[in-house]
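Rule-based calculations on the coordinates, nothing more; no lab input. Since this is a predicted model, take the numbers as computed values, not measurements. Here the Cβ is made from the backbone with ideal geometry for all residues, glycine too, and neighbour counts use every protein chain on show.
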Amino acid sequence: MGRYLRSQGIDTRYLTPLDRLAYMGQSAGLKQVSMQRVIERVTESISRWGEWCKQAGMTSMTKFPPDM
């Protein structure tokens, strides 16, 4: 993905994963609806991660759970 974005003249050094998804979505001509689905999935993953952290007794979400 990074190679494709660089070939389009986009500096990828400072892009977050969500930025990359947005660029890829725009370049593929995806409709806003499908980007909304991507964002919902990411949000869902983050909230599941938060739940995992609570169950594990962690006070912050700085460590990645083993299944991610």
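Using the Cβ-Cβ distance between THR16 and TRP49 with R0 set to 25 Å, the FRET efficiency from 1/(1 + (r/R0)^6) comes to roughly 0.95. Here the 3J(HN,Hα) profile of the stretch 12-17, calculated from phi with Karplus coefficients 6.51, -1.76 and 1.60 at θ = phi - 60°, is 8, 4, 10, 7, 7, x Hz, Gly and Pro shown as x.
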